[in-house]
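The values are calculated or read from the model by the stated rules, or taken from the named source; none is laboratory data. None of the values given here were measured: they were computed from a predicted structure. Methodologically, a virtual Cβ is constructed for each residue, glycine included, from the backbone with ideal geometry; neighbour enumeration extends over all protein chains shown.
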Amino acid sequence: MANFIRKNIFNRRARAVLFKLISCVKYVQFGCGGCRVGGDADTVSRVIRNVIFDWSGTLVDDLPAVLEASNYVFAMAGVPKMDLDQFRREFCLPFTKFYDRYVPHVPISQLEEWFHDAFRRCRHMVAEIPHAREFLEFCREHRLRTFLLSSVHRDHYIVQAEATGFGAYLDHVFVEVRDKRTKMRGLVAEHGLLQDETIFVGDMEHDVEAARAGGVYACAVLTGYNHPEQLRACAPDLLVEHLGELRDWLTREGFEIRAALEKLESEQQQS
């Protein structure tokens, strides 16, 4: 069960109050998009209409290939290799920050050349993550707008999207993004996304930070790079084992994330 609630939701409440003040018309809900209403503005509840996905660790499992390519980089740079556990704990985005920490003596252009050459040799190791396909189909069934926001190299994305068929489920794709926090702000503005109708799903602390930068909901999944304790420490709105759990949670709550989170927070305060 989704089991993590971010305590600091003051800004969301402020937006909710503002929305109630300016809401003077009733909306009709088609599929699961738009708003649900009762008899007055106080009963208006935003529902999720937009899902922004990370790629690596969220929709596809490329961690074994990334680890192998990264260790090739370390070997070429003359520094010790990492095992899987250490890599998951140490790797971070933007990835230049990670490289600066471990191989500061090698130019980033050389590091990227080594990495991409090595990754191409082991890209057969990349596979779709369980429940990802079903969740993408779920989004299509409920007519949710879908976006991809990822640091993955464009060439690698094209190969992986073709192999999995996932590209067909994504309405808008943004790859080779160095800092998702900055890009998220522009994405939300460019596409006119309402923050209370949008959720960003990712597997790393940087993804949670990007969601906050854009003012959208953050859902962390435990299928990728960061360990559970790392994700809990950054306090996403939701923390789920996998996308199947998120699908079930959204269905159960009628896609009304804000109302569900406020209810859970109230129950925690009373307990």
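Given the conditions (1) in a strand (DSSP E or B); (2) at pLDDT below 95, report the number of the one that Tyr27 does not fulfil.
Condition (1) is where Tyr27 drops out.
Against the conditions (1) closer than 14 Å to Leu67 by Cα; (2) touching a Lys or Arg at 6+ places or on another chain (Cβ under 7 Å), where does Cys92 fall short? Just the number, please.
Status for Cys92: all satisfied but (2).
Check the range 167-179 and report whether any residue there is out of contact with any strand residue (DSSP E or B) (no Cβ under 8 Å at 6 or more places or on another chain) and among the aliphatic types (A, V, I, L, M).
yes
Could you tell me whether the range 171-181 includes any residue that is farther than 26 Å from Arg154 by Cα, free of Cβ contacts under 8 Å to residues at least 40 places away in the same chain, out of contact with any Cys (no Cβ under 6 Å at 6 or more places or on another chain) and not basic (Lys, Arg)?
There is no residue in the range 171-181 that is farther than 26 Å from Arg154 by Cα, free of Cβ contacts under 8 Å to residues at least 40 places away in the same chain, out of contact with any Cys (no Cβ under 6 Å at 6 or more places or on another chain) and not basic (Lys, Arg).
Anything in the range 223-250 that is surrounded by fewer than 16 Cβ atoms within 10 Å (Cβ to Cβ) and without any contact (Cβ under 8 Å) to a residue 60 or more places away in the chain? List them, or say none.
Pro228, Glu229, Ala233, Glu241, Asp248
Would you confirm whether or not the range 57-69 contains a residue that is over 25 Å from the mean Cα position of the chain (by Cα), surrounded by fewer than 19 Cβ atoms within 10 Å (Cβ to Cβ) and on the phi < 0 side of the Ramachandran plot?
No, the range 57-69 contains no residue that is over 25 Å from the mean Cα position of the chain (by Cα), surrounded by fewer than 19 Cβ atoms within 10 Å (Cβ to Cβ) and on the phi < 0 side of the Ramachandran plot.
Residues that are among the hydrophobic types (A, V, I, L, M, F, W, C) and more than 14 Å from the chain's Cα centre (by Cα): list the helices (runs of 4 or more DSSP H) wholly contained in the range 153-260 that include at least 1 such residues.
Ranges flagged: 154-164, 180-190, 228-233, 243-252.
Hey, does the range 98-108 have a residue that's outside the structural domain of Gly224 (by TED's automatic domain parsing) and of a type in the set (Lys, Arg)?
Looking for residues that are outside the structural domain of Gly224 (by TED's automatic domain parsing) and of a type in the set (Lys, Arg), one finds at least one in the range 98-108, hence yes.
So which residues in the range 79-124 are assigned to a helix (DSSP H, G or I), within 22 Å of the chain's Cα centre (by Cα) and hydrophobic (A, V, I, L, M, F, W, C), if there are any at all?
Leu84, Phe87, Phe95, Phe98
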